[in-house]
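Taken together, the values in this text are just the output of simple stated rules run on the coordinates, not laboratory data. Just so it is clear, the structure is predicted and the values come from calculations on it, not from any experiment. Cβ placement follows ideal geometry from the backbone for every residue including glycine, while neighbour counts extend to all protein chains displayed.
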Amino acid sequence: MSELTMGGLIAAKRQEKGLTQLELGEKLGVTDKAVSKWERNISCPDIGSIPRLAEVLGVSVEELLRVNNTAANEKPKKEIGFMLSLPFKAIALAMGVAVAVLAVLEKLDAKSAFIMLGIGLALLGITSLGEDK
């Protein structure tokens, strides 16, 4: 059970009990959306609701807290990386479009165009360094 996340344990025990997310939420005074977020390891139950959650699911508080939460900890890191790379990609795209438009309008010399394209490519290179292969 050490590979099971808290969300996975909540989902498994809820299903064993034949409860829907809505029914579990009603027993705990939370919404079904909150239960869904717990089960997907997006968020965790409030510390005050853990004893009642353990009771409803038929597990000990220790069992509920002992599960592996690495999946919950890794997801935000990936989302943060995506959010940080998004502006770089947008700037690189904007620079490419600007070079194309200014070149068509004959308002950009070759040296400036290469500099802008170089900056855009550098930004794309930076974003690709952090991506999982």
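On the stretch given as the range 48-66, residues that are more than 27 Å from the chain's Cα centre (by Cα), touching a residue at least 40 places away in the same chain (Cβ under 8 Å) and at negative phi total 1. For the range 9-42, the set of residues classified as touching a Leu at 6+ places or on another chain (Cβ under 7 Å) and farther than 14 Å from ALA54 by Cβ consists of ASP32, VAL35, listed by residue number.
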